[in-house]
1. Test of understanding: ordering A:171, B:234 by Cβ neighbours within 10 Å, fewest first, what list do you get?
2. Rounded if a/c is under 1.5, else prolate if a/b beats b/c, else oblate: with a ≥ b ≥ c from the C-alpha gyration tensor eigenvalues square-rooted, which is the range B:242-322?
3. List the extent of the Cα atoms of the range A:353-408 along each of their three principal axes, largest first, rounded to whole Å.
4. Pull out a ≥ b ≥ c, the square roots of the eigenvalues of the alpha-carbon gyration tensor of the range A:116-229, then state rounded if a/c is under 1.5, prolate if not and a/b is larger than b/c, and oblate in the remaining case.
5. Distances from residue A:259 to the same residue in each other copy, label points 7 Å out along Cα→Cβ, in nm, shortest first?
6. Please order A:330, B:461 by the number of other Cβ within 10 Å, starting at the fewest.
7. By how many degrees, between 0 and 90 and to the nearest 10, does the Cα long axis of helix A:373-383 differ from the longest principal axis of chain A?
8. Helix B:299-314 against the longest principal axis of chain B: what's the angle in degrees, Cα atoms only, rounded to the nearest 10?
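Derivation of every value follows stated rules applied to the coordinates shown; laboratory data play no part. Keep in mind the model is a prediction, meaning the values are calculated, not measured. Positions of Cβ are backbone-derived with ideal geometry, glycine not excepted, and every protein chain shown enters the neighbour counts.
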């Protein structure tokens with residue numbers, strides 16, 4: 001059984017924020033500003049999710065979000081605010097319904113289509129369930145056990161503070177549909193890649209290899225997957241020459257709308273040294289359509305932008321800070337790739353991203369040149385008062401700065417607590433009420449402390 | 001902000017169960033049996049929710065549940081297992097969708113129709129929101145402020161261990177639609193009568209007075225209500241001569257199917273004294289259609305039936321125990337009323353009901369004749385080892401035994417912890433994974449201890 005988990009205790013964080021705040025100075029630092037007065041991260045998160053809501057890549061909602069973002073970033077006093085458009089293939093959700101149709105009384109399931117799912121057509125399809133306990137079990141299965149059936153992958157994701165299970169369990173979503181299609185399945189339904197137990201399925205993108213014809217692909221909520229499994233056990237044959245027969249009806253009618261416009265929104269805090277390479281900080285502006293994209297990733301945009309705002313207020317930095325609110329991350333990182341195509345040749349001092357919710361930063365990881373060892377030590381000391389510890393593994397960056405990092409740009413991870421992130425990730429429940437303002441503000445304080453140091457780093461430390 | 005609450009700590013209960021269990025006796029009591037081996041409450045709850053699922057009153061699903069119940073009660077060895085049919089008006093859900101359509105970017109809301117809601121027609125309706133912070137505010141408003149609009153009631157229910165807020169906050173659902181219709185509203189949407197913060201709206205019945213034409217009536221989830229309120233604030237006019245204008249589109253297409261058959265399922269443990277009046281214990285077999293009716297009220301049927309089973313196993317009681325799995329409770333207590341019409345003239349010793357989830361019993365309340373004072377003391381002592389304390393208010397009974405209690409039948413409440421009950425009540429989230437087997441078993445132990453004493457009480461103590 002899965003119960004709601006205990007909210008993270010915040011008394012310690014609050015105490016830290018208050019104790020730091022009382023050390024008044026004539027000119028407050030960016031980190032001090034982050035702990036007082038204005039809370040632009042909360043304001044951005046609240047207003048973007050309220051006034052725009054879901055921001056599906058390539059849709060009019062995402063375009064409205066770009067216009068909103070441009071106005072907001074200009075109003076905050078950033079320079080060079082602009083949209084940079086790019087083209088992308090657009091997929092949108094249609095009807096989505098599913099039922100367990102036999103051998104027991106028909107029961108409706110809470111289902112959602114995965115991004116790039118094919119359509120069942122309006123009348124839907126019905127078929128036998130082919131059960132697999134994991135992606136590995138499906139990958140190892142002979143095609144004959146799958147052909148003509150609806151594949152079900154049962155693997156139950158477990159929560160972890162660093163989110164490390166996403167890659168392992170997520171294969172059922174990332175690759176399961178492609179493998180099922182290759183083996184001749186008529187559709188695939190997976191247990192949601194999520195750690196909650198609510199009737200809210202987790203969507204997310206899947207991809208089919210070139211030459212593989214997409215099949216309908218959906219995710220059911222954890223309670224629905226539990227129900228399917230209990231019915232599956234009851235459907236097992238008594239005699240070995242009888243077939244198990246649990247049947248499902250599926251209606252998923254998403255559509256591919258072809259190539260449409262999306263775009264990145266960029267803003268800057270101009271540095272005093274025009275020859276210095278910029279620090280780039282990223283989030284993504286688009287979101288899945290089921291919720292309002294509060295933790296994924298309005299909060300990330302709020303955090304990085306608030307930090308840049310506090311650094312700007314504390315005094316002009318040496319390096320330019322470039323803020324990237326990337327478009328179309330969820331369905332294939334189109335915004336991050338477009339940024340790299342356009343700006344990848346430029347030198348970047350360091351790249352950071354916030355795209356893992358709004359819970360507190362608990363660890364800092366580095367991937368820096370050897371010249372930056374003293375810089376890493378200074379950063380470690382600067383974030384320690386906020387309860388952040390140094391990790392032992394290299395930083396990995398984030399999706400939207402992935403191309404930059406792959407090309408060698410240094411990166412730092414301000415790793416957020418992901419213990420409850422996959423309770424909400426890509427569900428209808430990704431809404432503003434899930435954001436804890438105290439933890440959100442801790443993020444901004446840690447980012448402000450980090451960004452102030454990075455934006456004033458020397459050319460000897462960073463490229 | 002509302003966060004998921006901490007699960008109730010169970011270590012104490014587990015310790016109690018174990019410490020009682022080690023007091024071995026040659027013939028175990030019903031309460032001892034409840035703490036060992038078989039767990040029929042869990043088995044009933046699991047199997048009914050898995051094999052039948054939602055059990056909407058008057059539908060084929062509820063009829064399937066009666067057939068299932070009859071088979072199960074017979075298999076458990078109860079006597080006189082039978083269905084007692086009755087007629088009732090049947091209402092079923094249709095399409096349900098809603099959007100905030102202006103002045104901001106249109107956003108979809110998670111909505112569900114209330115039982116007895118009228119239909120908007122397939123094309124839906126669109127109108128201005130008339131905002132009210134509570135039912136009382138709506139009741140006090142002039143009709144002119146409501147006429148032609150879609151009423152919204154914002155009152156946010158707060159959790160309480162004894163569930164005492166349901167009556168107060170629930171008026172928005174019970175009576176809000178009737179009042180809105182009387183004042184000329186075209187529809188009403190309420191903030192769910194619920195204490196969670198998930199995108200799962202809470203359904204439940206509403207009633208229109210004779211002569212009042214029903215209007216479409218729905219509930220939106222708490223996060224959706226939060227969003228509506230934030231948009232409402234942004235839609236306030238700058239000048240006093242301008243109207244606030246937040247608009248909503250609503251599609252609700254429920255149907256009244258007319259009079260259909262429902263029924264109660266009854267089973268008995270025959271008493272040794274055929275002249276003694278029976279003890280009646282009740283739950284309800286029907287459920288709302290959004291979830292599988294695990295906490296409401298498969299668990300209640302599991303608890304009372306397990307207790308009767310343990311009393312039967314421990315040795316034949318003096319009084320007959322009559323088990324009532326009532327039909328059609330959710331939409332108007334049709335089963336309880338039908339039982340009373342058929343059996344209300346018979347003498348009943350005492351009536352008890354379990355219909356408040358599956359969390360632990362924490363309090364015992366009495367409404368007994370003066371002759372039963374020593375009996376109440378014995379019962380208080382018998383349940384104390386399970387962490388149950390005596391309350392200071394009279395017992396109220398339960399919906400399905402309400403007519404009996406109103407007619408003077410004594411009653412006892414084994415009050416369950418309702419702190420998280422209204423997180424789940426009448427939502428898609430009322431599913432088996434929400435049942436805590438340890439707390440469920442504590443219920444059965446408390447019920448077994450209570451029922452053993454009641455079923456062996458003397459005629460001098462109870463009528």
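1. On the way: A:171 19, B:234 14.
The fewest-first ordering by Cβ neighbours comes to B:234, A:171.
2. Values: a/c = 3.94, a/b = 2.90, b/c = 1.36.
Prolate, since a/c reaches 1.5 and a/b exceeds b/c.
3. 32, 31, 16
4. Numbers: a/c = 1.59, a/b = 1.40, b/c = 1.13.
Here the range A:116-229 falls in the prolate category.
5. Going from nearest to farthest copy, the values are 6.7 nm.
6. Numbers: A:330 25, B:461 20.
Ranking A:330, B:461 by Cβ neighbours within 10 Å, fewest first, gives B:461, A:330.
7. It works out to around 80 degrees.
8. On a 0 to 90 degree scale, this one is about 0.
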